Structures are given as C-alpha cells and as structure tokens.
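Everything below concerns the one structure shown next.
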Number of protein chains: 2
Amino acid sequence: MGTINIGLLGAGTVGGGVVKALGKRAKYFKNELGLDLKLTRIVDKDADRFAALPVDDAICSGDAGDILNDDSISIVIELAGGTGFARTFVLDALARGKHVVTANKALIAEHGPEIFEAAVKAGVSVYFEASVGGGMPVIKAIREGLIGNDIFCIRTIINGTCNYILTRMTAEGLPFDDVLKQAQEKGYAEADPVLDVEGGDTGHKTAILASLACGGYVPYGKFPIEGITKIAKEDIEFAAELGYVIKLLGVIKNATSGLDIRVHPAMLHKGHILASVSDVFNAVLLEGDAVGQILIYGRGAGEMPTASAVVSDIVDVARNIKSDSPIRIPMDYYRRDREIGIIPTGQGSGRYYLRFTVCDTPGVLASISSRLSDAGISVASVMQKEGAAEGSVPLIIITHSAPEHGVRKAIMEIEKEQYIRAETRLIRIED
Amino acid sequence: MGTINIGLLGAGTVGGGVVKALGKRAKYFKNELGLDLKLTRIVDKDADRFAALPVDDAICSGDAGDILNDDSISIVIELAGGTGFARTFVLDALARGKHVVTANKALIAEHGPEIFEAAVKAGVSVYFEASVGGGMPVIKAIREGLIGNDIFCIRTIINGTCNYILTRMTAEGLPFDDVLKQAQEKGYAEADPVLDVEGGDTGHKTAILASLACGGYVPYGKFPIEGITKIAKEDIEFAAELGYVIKLLGVIKNATSGLDIRVHPAMLHKGHILASVSDVFNAVLLEGDAVGQILIYGRGAGEMPTASAVVSDIVDVARNIKSDSPIRIPMDYYRRDREIGIIPTGQGSGRYYLRFTVCDTPGVLASISSRLSDAGISVASVMQKEGAAEGSVPLIIITHSAPEHGVRKAIMEIEKEQYIRAETRLIRIED
C-alpha cells in the first residue's frame, strides 16, 4: 500500500478541523480501507495559526510553492477561500497533476469551467463537497446516489447566517439590523456580512447545485439574487398571521423550456417541509423523476461539519488514485460551451405576497383591487391593518398564481397613485 | 467503451421500475458517464409479468440459469426477495465472478457474512442501497459521504407501513386494527403484514445500518424488536396530551461499552425532528462526531424510489468495472468473526411512559408512587384520567431517566397488587 501524500493550503478554522479529523480517522482509513493518507505539508501565510494544530512544525510553511513543487504530494486541499490566489493556486496544482479538494464555493461557481477544463486536461479531478452545505453529502447525492434520476427541482436553505437571522427575527419580533448585530456577536455572522445577507453565498451554492443537476455550466451572475436585508419585521409578522414563514431560498427548476434559477426570500406555508428548518441549520430538498422528494438536513457550516465533507472527498480521491481511475466522476460537461439557458427574470409565474403602504382613506382598496383585476391578477386574500403612523396603513394582498412580469407591471402602475406612501414589498410564495 | 451486460432476477414492481429507469437514463449514462449499460436478461418464474415490460421478449426467461450461465453478464440484480432461492442465487452469481446489486434487506441482515465472504473470495462486490430506505442514499452516506466520522447514533423511521398506520391512528383516533385494514385496502400494507407491523422489516434495516456504522457484523435476532400491534389509541391520545407522538423507531447507539440496538415504538417530543415524519415517508437521523446531526428524508419504498437506488448501485458497480477496481468499498469487516457486542436488553437507561390500568379507589396513586420511589425511579409527571368502564382508570406516569431493568422489575412488583386491572404498558421516550 503506497502512502498518499496530502498538502493543505489554509490553516484556519476548517483547516484545523481537517487536521483533527484526518488524525482521528487515519488508523481506520489505513486498516479498514487500505488507504494510507499522510498530511505532509500545511501552508498558511499567517504563521500564528500553526501553534494550535497538532502537527510537527517541520511540515508547516508560509510558501505555497512548498506544496506545488513537491512531486510526492498527490492531493491538494484548498481552504484559502476567495477567487484570487486560491484560483491561481488551484490551476497551478492541477497543471502539475495534483488532485484538488476544495471548500471554495466562489471559486467553483465563478470559475468552474476554467477549473474543470484544467482538471480534464491534466487527467486529475476536483472534488468540492464542502462547497455546498458543509457536512451534508449533497453533491455526492446528486452525482452518485440519485444518478438514476432527472432532478428537476431543488430548493435549498443553504446559508446558516441568513437562516439564523430570519429565525430570530421571527421568534423575537426584532428588526433585521438588531438581529444581525446579535448574530455577529455570537459569531454566526461575519464582520462584513454582505456575501451572506445579500444572497451571494446562497447564489454561489445554488449555481453549483444547478450545474450538477442540469449537467452543464450555470453561470453565477446570470440569475436574480436578492438577499434578506429588506425583509421588515412587519412582513414576518404578517406572514405568520397568514400561516407562512419567510426563508431565504435557492430555487432551481429545470424544465424543457429552460432553467428557472433564483435566490430570494420566499414565504413557505408552515406545513412545508422546509419551513421547520431553523437557526443555523441548512436543508436541501431535491425532487427527482424516480425518487420523488429527498430532503438532506444538517449543519451547513462550521469547523468540523465542513471538515467532514473535505475528508470524505479526500477518501474518494484516494480511492480513485488507488484504483488508478482518477476521473471516476466526469466533470467535463461543466464547460463554457455547455452553458445552460436560463429563463429571464420575470418570465416565471407564481403566487405573491404584496405589501402596499397606503393612505388610510376610503377607496384605496377598491382602486388597488381593480388595478390588479384589470391586469388579470386574481387576489387570493387581503388583510388591511390599522395604521402605525402618519395616516399610512399596510395593505397585504396574496395573489393566486400570476406571471411575475404582470404583477411587477401592475405594482409600478399602482405606485403612480397619490395614495401610495412607500415602496411596495413583493415576496414570492413557494408551494 | 465496452458494453456492461446486466441480468435481472425478479420482474415485479421494483424490477419493472428498474427496467424503466435504466431505459430512460441509458443515453445519459453512455454519453455523459461513458457507461454502456445493457439489460440482456430478465428472469422471473411468473411469465405474465413480462408483458408489462418495455423489453424484447427474447431476453425474458423463467430460468435463473440463463443469467448464471451467461459469462457475458457481469452485473446481476437480485429482486426476488426472501432468503431462500435469492440466497443460493446470489451465492452462485458471486462464485461465478458476477457483481450483485440487491434490494433484499432480509438477505443482507440474516446472511450478510456469508454473502460478503463469498464476494471477497470471488473478488467482486455486493451493493445494497435499495435494501434500506428505498431511494434515500443512506448507505452511500454512511460508507462514503460521512466516512470522516465516527457515527455513534442512528435513529430511523424506516418502515412506511408502520409510519402510515401510526400517522392515521394519531390523526383519526382509530384503533390499530381498523387502520391496518385501511392501509391494506390502499396498498400501503401487505395482505400478510407481520414482517412490517411486528418490526421485523425495521429490524432488518436497522441491523444493516448498525453493521455499516460499527464496521462489524450486527446479527439480526440478537437485539430486541417490538412492533406496533400493541399500541392502543389511548396511548397515542395520552402521548399527544403530554406533547409527544408515537413512532416506530430503529435505534442504534454505539459506545465504547458496546452497541445499544433496538426496534420499538417510542415517544418523541413534538418538536423532535423525527416527530414530523408522517405517512409513508421514511427518515434516517445520523449523528457523527464531526458532522453532528444529518437527516435524510424521503420515500422509503415503492416502484420508482427503490429503482432509483438500484440504478445508482448499478452505476457504481459499472464505474468500478470500468476502472478495474471491483472492490472500491471493502465489506470484509462484515464477518462472523467480527460480530459486534450488543448490550443486553434492559441494561440501558432512559425515560419511560407507563400506563397502569387500576381500580378507581383511594390510595392507588400513593401505592404506585411509593413503589417506584422505593425502586429509585423518579417520576417526572403523572396524569390520571376518569375511568372508561367497570371502575378501572388509566394512570399515566412519565419517569425521569432510570435503568430499564429497574423499571421493568418495579412494574412486575406493582402488577402483583390487587388494584391492577390489566397489563401495564411501557413505551420508551427518545430525546
């Protein structure tokens, strides 16, 4: 049994978890799986991080070249993050015939074609289970466990920070800003939370899942992404009164007419299986033509859950190396020339929650109702609340299924009226 | 690309699903995965079943020898079920160097060591994803996706028939017998429901999951199995009043002291993640030292969900054949000489729901309370209801955590009293 040498770039939280998990399981991998895995190099530009790791100082270094130039290293773990140095490092490693395991969702979502083309060219593979849903084996499920299916729908709650914030806003009736601050204090949100709360992180993960499910390249940046920063505590309260909860969803619906992919806050009926996914937990709800609905639920982030996914990828790659089948899971469909056609924003249909802020004067409900009716939009329910201040009141309307562009056009028309006092809020309802 | 020939034994419901799914996905497997899979022989003793299949009559036969003696067939799918002919067929196929894919939980649970020893000897593999949880990729999750974890706890709702019956008993307040009859009429329960409702099917699946999680042989028949036939509608009602639901669980807790494995009805708090798994749905809740809790939820049975699992196994085996690595996932630990030590029944601890049926006379509560107290069993809550008939009343007690054998001994002592009118019911509470 030949030893398989591993190089790790990035000794932060997840890197530390990988060192621990590999150490704890090394004997099992050797004795039970016949895989002798050895971490022979750890590189981080911040030397202070090495002190906390249970490894020999001699394998620690600040120079990524110590991994790239070491021909004995056949698997490289990239945990540096970002799309700058991580990208050139991964491309360089691939060009040198090293397999890559990465947790870097931005890298795969934004530079997937370049990465996979380089891997195919070099005859090596890139594994990225940890990039989506932390320890949940969702990429393996799509690429292997559900390979007998055409997966036509995926809906995910895949960003722990947003789910924590929405859960706390719901439970405590607090506004977004207050809860974000709490989350930052507890370490559930970054000091710079933009990538999480504006939906970018969910977008990266959703783009990756869509590419896997559709068998082609789904470019990040070509589909609508809306975060949770505009969700008012009133919307959460009104949703609750109507029997709904608000979650940030990644939605993928793959039909012959094209791919409907989007990230946005959505209202889910309280009985919906995703409605009870709370706090920092993540869930991926897949629908396949054979299997029906499959839900995978777990911790989508954190030191050890993410390390769990990285280690499972290392074992997969090691099994591939051992059997001399480096490209067990082909990824050459993830090419620029196989870009999947995305249905343009607004061409979809659905049910909508609309919150108008209107003058508390007679005739407003009649005016809005008739405007919607004229546009062919059927109203499922209406809720008018007493005004909070300055004579303006919220008017909540839930529509029946209607074309999104029609609804948005009707809102634009209605907003020209004098009785509208603030921007209208639209939240999609997912069934 | 060489064609991989497949032989199918069993053209029933699942067999038909496999034929359909393979046909639908063949082009994808060939073009995208480079796997040319061809179903070249279908065997069933009931020739009437062939008519419904979209295949050439020439590949259909009533003689299993047509698969076994055909050297061009390298993958055999066993969907005959049972442990009689299926066992000899699988052993014969393995001895001839054919890989086996099976959905047969009884075969794996009761004859696993013999099967896997034969596979190791012949240098081929046995895949059995469809044996547990239908289309849910739970075996793949344990053996691959969560390989970086010591999985120390698994709790499952894994029998759709029982879950459907308990869900309907809860929703409609009907007794077991009435709901079983309904389930049989709807096709959710077999004409002979014993293997389902007495817990045997859950036991088979739980034994398989335990073997995978523990890395050794967990023999079916050496751990307690209790079905749902004794669950009274009163127990479901009282559970609901106390904030619980009753589910049939497979429980696996692996500790250094040994393996605690059992199948029994259990009370779950309404907020428990498994409590909301209803109707015919299945769920497997895994806990690993790195990943924490992972839930996989879906349809655990039926034509296409089970076919989905069979097809994913076929693709895995085909990938192994293509890469000339027949035993990618070693199963040689599943041996008789690696039997896992099971903690004897009653040596565990837990919280218990006790329903005594007592005379409606003064002093009974005091007597039972003091008996339990004398035995060191602490009472968490008590509920006494008005009597239904003949002066007997139900007295419900929820205990704090206590050793099971102590609780059972105390019940035996209490049952010697004159005021006891019927057998006492004990249901474990899972946290």
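The values are calculated or read from the model by the stated rules, or taken from the named source; none is laboratory data. Keep in mind it's a predicted model, so treat the numbers as computed, not measured. Glycine also receives a Cβ, built like all others from the backbone with ideal geometry; neighbour counts cover every protein chain displayed. What goes into the accessible areas is simple: the full protein's heavy atoms, side chains included, and nothing from ligands, DNA or RNA. Shrake-Rupley method; radii C 1.70, N 1.55, O 1.52, S 1.80 Å.
Against the criterion of being touching a helix residue (DSSP H, G or I) at 6+ places or on another chain (Cβ under 8 Å), modelled with pLDDT of 95 or more and within 24 Å of B:Ser312 (Cβ to Cβ), B:Ile75 qualifies. No other residue among B:Asp289, B:Asp313 is modelled with pLDDT of 95 or more, in the same structural domain as B:Val124 (by TED's automatic domain parsing), out of contact with any His (no Cβ under 8 Å at 6 or more places or on another chain) and farther than 21 Å from B:Phe176 by Cα apart from B:Asp313.
So, in region A:268-295, exactly how many residues are within 7 Å of chain B (Cβ to nearest Cβ) and assigned to a loop (DSSP other than H, G, I, E, B)? Steps first, answer last, please.
Step one: list which residues in region A:268-295 are within 7 Å of chain B (Cβ to nearest Cβ), which gives A:276, A:288, A:290-295.
Then drop every residue that is not assigned to a loop (DSSP other than H, G, I, E, B), which leaves A:276, A:290-291.
Qualifying residue count, region A:268-295: 3.
Could you tell me how many of the residues in region B:96-113 are touching a Lys or Arg at 6+ places or on another chain (Cβ under 8 Å) and farther than 17 Å from B:Ala309 by Cβ? Step through it out loud before you land on a result.
Step one: filter region B:96-113 for residues touching a Lys or Arg at 6+ places or on another chain (Cβ under 8 Å), giving B:105, B:107, B:109, B:111, B:113.
Then drop every residue that is not farther than 17 Å from B:Ala309 by Cβ, which leaves B:111, B:113.
So the answer is 2.
Each row is one residue, and each column tells you yes or no for (1) in a helix (DSSP H, G or I); (2) within 12 Å of chain B (Cβ to nearest Cβ); (3) at pLDDT 95 or above; (4) under 23 Å from A:Phe89 (Cβ atoms).
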position: A:Leu22; (1), (2), (3), (4): yes, yes, yes, yes
position: A:Tyr28; (1), (2), (3), (4): yes, yes, yes, no
position: A:Lys38; (1), (2), (3), (4): no, no, yes, yes
position: A:Ile42; (1), (2), (3), (4): no, no, yes, yes
position: A:Lys45; (1), (2), (3), (4): no, no, yes, yes
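A count restricted to region A:75-108 and to residues that are of a type in the set (A, V, I, L, M), over 20 Å from A:Leu209 (Cβ atoms) and under 18 Å from the mean Cα position of the chain (by Cα) stands at 1. Screening B:Lys140, B:Lys181 for residues that are closer than 21 Å to B:Ala318 by Cα and not aliphatic (A, V, I, L, M) leaves exactly one candidate, B:Lys140.
Of the residues that make up region A:8-21, is at least one open to solvent by 40 Å² or more (accessible area, probe 1.4 Å) and touching a Phe, Trp or Tyr at 6+ places or on another chain (Cβ under 8 Å)? No, because not a single residue in region A:8-21 is open to solvent by 40 Å² or more (accessible area, probe 1.4 Å) and touching a Phe, Trp or Tyr at 6+ places or on another chain (Cβ under 8 Å). One residue is enough: does region A:168-188 have a residue meeting the conditions among the acidic types (Asp, Glu) and under 20 Å from the mean Cα position of the chain (by Cα)? Among the residues of region A:168-188, not one is among the acidic types (Asp, Glu) and under 20 Å from the mean Cα position of the chain (by Cα), which makes the answer no.
Please determine whether any residue of region A:45-52 is among the hydrophobic types (A, V, I, L, M, F, W, C) and in contact (Cβ under 8 Å) with a residue 40 or more places away in the chain. Spell out the reasoning first.
To start, the set of residues in region A:45-52 that are among the hydrophobic types (A, V, I, L, M, F, W, C) comprises A:47, A:50-52.
Next cut, in contact (Cβ under 8 Å) with a residue 40 or more places away in the chain only: none.
No; the residues of region A:45-52 include none that is among the hydrophobic types (A, V, I, L, M, F, W, C) and in contact (Cβ under 8 Å) with a residue 40 or more places away in the chain.
Taking every residue in region B:309-321 that is closer than 22 Å to A:Asp324 by Cα and more than 7 Å from chain A (Cβ to nearest Cβ) and pairing it with any residue that is open to solvent by 10 Å² or more (accessible area, probe 1.4 Å) and among the basic types (Lys, Arg), at least 6 positions away or on another chain, the pairs with Cβ-Cβ distances below 7 Å are B:Asn320/B:Arg328. Identify the residue in region B:324-362 that is within 26 Å of B:Met136 (Cα to Cα) and at the interface with another protein chain (Cβ under 8 Å from one of its Cβ atoms) and, among all such residues, is surrounded by the most Cβ atoms within 10 Å (Cβ to Cβ). Checked region B:324-362; the qualifying residue surrounded by the most Cβ atoms within 10 Å (Cβ to Cβ) is B:Arg328. Evaluated against (1) surrounded by fewer than 23 Cβ atoms within 10 Å (Cβ to Cβ); (2) in contact with a helix residue (DSSP H, G or I) (Cβ under 7 Å, 6 or more places away or on another chain); (3) not aromatic (Phe, Trp, Tyr), B:Thr88 falls short on exactly one condition, (2).
Only one of the numbered conditions (1) in contact with a Cys (Cβ under 8 Å, 6 or more places away or on another chain); (2) open to solvent by 40 Å² or more (accessible area, probe 1.4 Å) is violated by A:Ile42, and that is (2). Of all residues in region B:385-410 being of a type in the set (A, V, I, L, M) and open to solvent by 20 Å² or more (accessible area, probe 1.4 Å), which is nearest to B:Ala232 (Cα to Cα)? Within region B:385-410, the match that is nearest to B:Ala232 (Cα to Cα) is B:Ala388.
Which of the residues belonging to region A:296-305 are more than 7 Å from every other protein chain (Cβ to nearest Cβ) and either within 14 Å of the chain's Cα centre (by Cα) or aromatic (Phe, Trp, Tyr) (or both)?
Looking only at region A:296-305, we keep the residues that are more than 7 Å from every other protein chain (Cβ to nearest Cβ), and these are A:300-303.
Those that are more than 7 Å from every other protein chain (Cβ to nearest Cβ) and either within 14 Å of the chain's Cα centre (by Cα) or aromatic (Phe, Trp, Tyr) (or both): A:Gly300, A:Ala301.
Within region A:236-260, the set of residues being crowded, with 20+ Cβ neighbours inside 10 Å and either outside the structural domain of A:Ile154 (by TED's automatic domain parsing) or closer than 18 Å to A:Leu426 by Cα (or both) comprises A:Ile236, A:Phe238, A:Ala239, A:Tyr244, A:Val245, A:Ile246, A:Lys247, A:Leu248, A:Leu249, A:Gly250, A:Val251.
Looking at A:Ser125, A:Ser211, just one residue is under 16 Å from the mean Cα position of the chain (by Cα) and among the hydroxyl-bearing types (Ser, Thr, Tyr), and that residue is A:Ser211.
For region B:416-431, how many residues are over 18 Å from B:Ile231 (Cβ atoms) and surrounded by 13 or more Cβ atoms within 10 Å (Cβ to Cβ)?
From region B:416-431, those over 18 Å from B:Ile231 (Cβ atoms) are B:416-421, B:431; that's our starting set.
Going one step further and asking which of them are surrounded by 13 or more Cβ atoms within 10 Å (Cβ to Cβ), we end up with B:417, B:419-421.
Of the residues in that region, 4 qualify.
B:Ile321 fulfils the conditions (1) within 27 Å of the chain's Cα centre (by Cα); (2) open to solvent by 30 Å² or more (accessible area, probe 1.4 Å); (3) in the same structural domain as B:His99 (by TED's automatic domain parsing) except for a single criterion, (1).
For every residue, the table says whether it meets (1) open to solvent by less than 20 Å² (accessible area, probe 1.4 Å); (2) at pLDDT 95 or above; (3) under 25 Å from A:Pro344 (Cβ atoms).
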{"residue": "A:Thr156", "(1), (2), (3)": "yes, yes, yes"}
{"residue": "A:Thr161", "(1), (2), (3)": "yes, yes, no"}
{"residue": "A:Ile165", "(1), (2), (3)": "yes, yes, no"}
{"residue": "A:Gly173", "(1), (2), (3)": "no, yes, no"}
{"residue": "A:Asp192", "(1), (2), (3)": "no, no, no"}
{"residue": "A:Gly203", "(1), (2), (3)": "yes, yes, yes"}
{"residue": "A:Ser211", "(1), (2), (3)": "yes, yes, yes"}
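From the list B:Asn69, B:Asn5, exactly one residue is more than 14 Å from chain A (Cβ to nearest Cβ), at pLDDT 95 or above and loosely packed, with under 15 Cβ neighbours inside 10 Å. Which is it?
Working: B:Asn5 fails: loosely packed, with under 15 Cβ neighbours inside 10 Å.
None of the other options fit; the residue is B:Asn69.
The numbered conditions (1) under 30 Å from B:Ile329 (Cα atoms); (2) within 27 Å of the chain's Cα centre (by Cα); (3) open to solvent by 60 Å² or more (accessible area, probe 1.4 Å); (4) not small (Gly, Ala, Ser) are all true for A:Lys30 except (2).
Checking each residue in region A:252-289 for being under 13 Å from the mean Cα position of the chain (by Cα) and under 16 Å from A:Ile142 (Cβ atoms) picks out A:Ile252, A:Ile261, A:Asn282, A:Ala283, A:Val284, A:Leu285. The set of residues in region B:246-292 being of a type in the set (S, T, N, Q) and in contact with a Phe, Trp or Tyr (Cβ under 8 Å, 6 or more places away or on another chain) consists of B:Asn254, B:Asn282.
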